[in-house]
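The values are calculated or read from the model by the stated rules, or taken from the named source; none is laboratory data. Please read these numbers as outputs of a predicted model, since none were measured by experiment. Note: ideal-geometry Cβ built from the backbone for every residue, glycine included; neighbour counts use all protein chains shown.
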Amino acid sequence: MYYYPLQPPFFLLFIGFFIALTSGLALSGTLKLIVQQWSKDSSENTQPRSSLKQLFVPFIGITGGVCLFLSSGLEIFGFPSPLALGVGLPLSLLTCLLVWLQLGSLLDFVKRQGMQSLDLDSWS
C-alpha cells in the first residue's frame, strides 16, 4: 500500500527555500561587514567568538529553512509527515551544526593568520 498525500506541501517547500535563501543573504552580508570591520580595526581586542554571536540569528534562519524544505520535500515524495520530520530534522540539524563548527574554526584561523592564508589559487 502506497501513501499519497492529498495535499502535498508545495507551499511549505517554497517557504522553506525562501527562508533559507533570505537568511543566507543576511548571513553573507553580516559576514562581509565583520571582515570589513576586522580590516579597519586591526586591534587584537576583537574576538572571533563575538563575531559568531552576530552570525547566530541568520544561521538559525538557514537551519530552520533547510529543515522545513527537506521535510516538505520528503513529504512530497511520499513519506508520512512524522517520518519526514523525523528524517529531515536530525539531518538538517546535524549538517548545520557541522557547518557552524567549521565556520567558527575558519573565522578563528582567518583572525590569527590573516585573509591571505585562505588564498587557495596560489597553491596550484
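Some notes on this structure:
- Residues in the stretch 68-110 that are under 14 Å from the mean Cα position of the chain (by Cα) and under 12 Å from residue 9 (Cβ atoms): 68, 69, 70.
- Residues of the stretch 70-119 that turn out to be within 30 Å of residue 34 (Cα to Cα), among the small types (Gly, Ala, Ser) and in contact (Cβ under 8 Å) with a residue 60 or more places away in the chain, as a count: 0
- Among the residues making up the stretch 1-33, those that are closer than 30 Å to residue 114 by Cβ and either modelled with pLDDT of 95 or more or under 17 Å from the mean Cα position of the chain (by Cα) (or both) are 23, 24, 25, 26, 27, 28, 29, 30, 31, 32.
- In the stretch 82-112, residue farthest from residue 18 (Cα to Cα) [restricted to those that are of a type in the set (Ser, Thr, Tyr) and surrounded by 14 or more Cβ atoms within 10 Å (Cβ to Cβ)]: 95
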